[in-house]
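Asker: Please see the structure below; I have some questions.
The values are calculated or read from the model by the stated rules, or taken from the named source; none is laboratory data. Remember, predicted model here, so these are calculated numbers, not experimental data. Using ideal geometry, Cβ is built from the backbone for each residue, glycine included, and neighbour counts are taken over all protein chains shown. All accessible areas refer to the heavy atoms of the entire protein, side chains included, with ligands and DNA or RNA removed. Shrake-Rupley method; radii C 1.70, N 1.55, O 1.52, S 1.80 Å.
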2 protein chains.
Amino acid sequence: MPNVFYSYKVTDKEAFFDVHELHHFKVLRLKIGDEIRFIDGNGSLFKGKIRKILSNMAIASIEESHRRHKEWKDRIILCLASSKWHRERLLIEKAIELGIDEIVEFESQYSVAHIRKFEKIDLLVRNAMKQSMNLFKPKIRLFSDFNDFIDWMRIQNDTKFILLDPNGERINDTMIPKGDLGLIVGPEGGFSKQELEIFNSLNLQRVKLGDRILRFETAALTGVIIFSYLKGRM
Amino acid sequence: MPNVFYSYKVTDKEAFFDVHELHHFKVLRLKIGDEIRFIDGNGSLFKGKIRKILSNMAIASIEESHRRHKEWKDRIILCLASSKWHRERLLIEKAIELGIDEIVEFESQYSVAHIRKFEKIDLLVRNAMKQSMNLFKPKIRLFSDFNDFIDWMRIQNDTKFILLDPNGERINDTMIPKGDLGLIVGPEGGFSKQELEIFNSLNLQRVKLGDRILRFETAALTGVIIFSYLKGRM
């Protein structure tokens, strides 16, 4: 396990760590003067030394930094219906390991769980980044109202959205857009009739992943992986 | 969750259940006369009634049966190095959901865990089949000696083996064989020099999954999913 920390704010010479990172410092018994590696979520990996440990934050000096560019110009956005936490967590962790660019969560009529608090998802994302050494933090958007999600979709003019749907067409490489791709995954129980009508009115491409019925997180991950492959990421 | 059971032996009129299924009967408070659904791992889904409950097994009558044919002629074989149990378990569960045909586990020099007992893997496979309603039980092969795994590979004349390797080529669809495909996934620490030399002598195709370093189970699942797609399963 690479011990790398997440800094929420980096200046020229210093990096700041919040209470969650501070907790990890303590677990690892780190103290002032110890060398650490950390990321900022914007493509940089730093080396530095712990300078200050306060009750709810810490500060480190920056001794070295390496900046990496994003590997891919086009973005892949995962839009998921809120689901059971263990499924949602696994999906988000793996999607981050695979380099997803944005995570959009919405509450659907048949969602078995409400939208989580932003901080809970944010912390999951940070930890997954640290685990997989992903230097780029995906954007996170949470819509507790399905209609707000639709309104947001309507103004994403540079993104082609694709709906995972057991009644859709088989995936083929002609479906892959040149620009950004948004993959929409409904809850285990599927979308409601009203929701499907809204998607219909948006003229979304509907895609199925074979004839098996896959669980929520398996379907979503399979979609992320196949579209990543078709977008030339693998 | 579909409540479906696994019968280790099915005759014309009766199905037999071992102590693990018996335990599930008890958890669900099933009793003689209750109707159950069960699978035999050979493509059949049955309806029947519990007739006998003994101390270490149970028997049900068969009232209805539906037989399904395998969806795909060519087989996909997952050959994995033994790994940490939570990673191995997740991988096997998802591979079964995706319809893997055979699971081969071998102990590699850098494996952090020994090969599990057959019964442990078998039970995991059965439970994953029941969860995902996979009617076909994959074959399970366990090799505690790496050389035995290689000897087995050498006599699989109808299978093309592909090695996941960060130094391999990018996947492309010309790599996909007409017949059976075996995907080999090493331990988190990679294969040893000696092991790689053995694979070299076998002239295996080496394939990488993008430039990111993926965890054991993520790499393996990504491989299973992309090759399933390229073999026309999705």
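Asker: Taking chain A as a Gaussian network, where each spring joins two C-alpha atoms under 10 Å apart, which residue of A:Ile62, A:Ile32, A:Ile96 fluctuates the most?
Answerer: Evaluated over chain A, the most mobile residue of the options is A:Ile32.
Asker: How far apart are the B:Phe118 label points across copies, placing each 7 Å from Cα toward Cβ, in nm, shortest first?
Answerer: Going from nearest to farthest copy, the values are 5.6 nm.
Asker: HN-Hα J couplings of the stretch A:176-181 from phi, Karplus 6.51/-1.76/1.60, θ = phi - 60°, integer Hz, Gly and Pro as x?
Answerer: Those phi angles translate into 7, x, 6, x, 6, 10 Hz.
Asker: Using only the heavy atoms of the protein chains and a 1.4 Å probe, how would A:Thr222, B:Thr159, B:Thr174, A:Thr11 rank by accessible area, largest first? The partial results should precede the final answer.
Answerer: Details: A:Thr222 0, B:Thr159 20, B:Thr174 115, A:Thr11 60 Å².
The ordering from most to least exposed comes out as B:Thr174, A:Thr11, B:Thr159, A:Thr222.
Asker: A further question follows. Taking the 0 to 90 degree range and rounding to the nearest ten, how far is the long axis of helix A:216-230 tilted relative to the main principal axis of chain A, both from C-alpha atoms?
Answerer: Between the helix axis and the principal axis of chain A, the angle is about 90 degrees.
Asker: I've got another one for you. Identify the residues of the stretch B:102-136 with backbone N under 17 Å of a label point that sits 7 angstrom from the Cα of A:Lys84 along the Cα-to-Cβ direction, or state none.
Answerer: Those under the cut-off are B:127-134.
Asker: Accessible surface of B:Trp85 in the full protein assembly, 1.4 angstrom probe, to the nearest 10 Å²?
Answerer: 60
Asker: Heavy atoms of the protein only, probe of 1.4 Å, neighbouring chains included. What is the accessible area of B:Phe146 in Å², nearest 10?
Answerer: We get 20 Å² for B:Phe146.
Asker: Averaged across the residues of B:97-105, what count of C-beta atoms belonging to other chains lies within 10 Å of each residue's C-beta?
Answerer: Counting other chains' Cβ atoms within 10 Å and averaging over B:97-105 gives 2.
Asker: Label-point separation (nm) for B:Met175 and A:Val19, each offset 7 Å from Cα along Cα-to-Cβ?
Answerer: Taking the two extended label points, one gets 4.7 nm.
Asker: If you average the alpha carbon positions of the stretch B:201-234 and of the stretch A:1-59, how far apart do those two centres end up, in angstrom?
Answerer: With the stretch B:201-234 and the stretch A:1-59 each reduced to a Cα centre, they are spaced 35 Å.
Asker: Also: If one computes P(r) from the Cα atoms of the stretch A:76-230, what percent of pairs lie at distances over 27 Å?
Answerer: In whole percent, the long-distance tail amounts to 15.
Asker: Go through the stretch B:13-27 residue by residue and turn each phi into a ³J(HN,Hα) via Karplus (6.51, -1.76, 1.60, θ = phi - 60°); whole Hz please, and just put x for glycine and proline.
Answerer: Listing the rounded values in order: 10, 10, 10, 10, 10, 8, 5, 5, 6, 4, 4, 5, 3, 5, 4 Hz.
Asker: Any idea of B:Met57's accessible area? Nearest 10 Å², probe 1.4 Å.
Answerer: Counting only protein heavy atoms, the figure is 30 Å².
Asker: Would you kindly calculate the translational diffusion coefficient of the stretch B:119-179, applying Stokes-Einstein with the Kirkwood radius from alpha carbon pairs, for 20 °C and a viscosity of 1.002 mPa s, and quote it in µm² s⁻¹ without decimals?
Answerer: 145
Asker: Taking a label point 7 Å from Cα toward Cβ, how far is A:Thr174 from its twins in the other copies, in nm, shortest first?
Answerer: Counterpart label points of A:Thr174 in the remaining copies fall at 2.4 nm.
Asker: If you don't mind, another one. Round to a whole angstrom and tell me the spacing of the C-alpha centers of the stretch B:149-191 and the stretch A:62-107.
Answerer: 29
Asker: Pull up all non-local amide H partners of A:Gln205: gap of 5 or more, or a different chain, and H-to-H distance under 5 Å with H placed in the peptide plane.
Answerer: Here the answer is A:Leu163, since their amide H atoms fall under 5 Å of that of A:Gln205.
Asker: Can you give the % of DSSP beta bridges in the stretch B:76-230 that are antiparallel, to the nearest 5? Provide the component values of the computation, followed by the final result.
Answerer: Values: 0 of 25 bridges.
Percent antiparallel among DSSP bridges in the stretch B:76-230 is about 0.
Asker: What are the nm distances, shortest first, from A:Ile198 to its equivalents in the other copies, labels at 7 Å along Cα→Cβ?
Answerer: Sorted ascending, the copy-to-copy spacings read 5.6 nm.
Asker: Which residue is it, in chain B, whose C-beta lies closest to the B-to-A rotation axis, and what is that distance in whole Å?
Answerer: Residue with the nearest Cβ, plus whole-Å distance, for chain B: B:Ile225, 2.
Asker: Using a 1.4 angstrom probe with every protein chain in place, what is the largest-first accessible-area order of A:His20, B:His114?
Answerer: So, going from the largest accessible area down, we get B:His114, A:His20.
Asker: Quick one: 3J(HN,Hα) in Hz for the stretch B:82-91, Karplus 6.51/-1.76/1.60 with θ = phi - 60°, rounded, Gly and Pro as x.
Answerer: Per residue, the Karplus-derived 3J(HN,Hα) values read 4, 9, 4, 4, 5, 6, 5, 5, 4, 4 Hz.
Asker: Also: From the P(r) of the protein assembly as shown, could you give the percentage of C-alpha pairs in the tail past 28 Å?
Answerer: 59
Asker: For B:Leu80, what residues show an amide H to amide H distance below 5 Å, using hydrogens built from the backbone and excluding near sequence neighbours?
Answerer: Here the answer is B:Val104, B:Glu105, B:Phe106, B:Val185, since their amide H atoms fall under 5 Å of that of B:Leu80.
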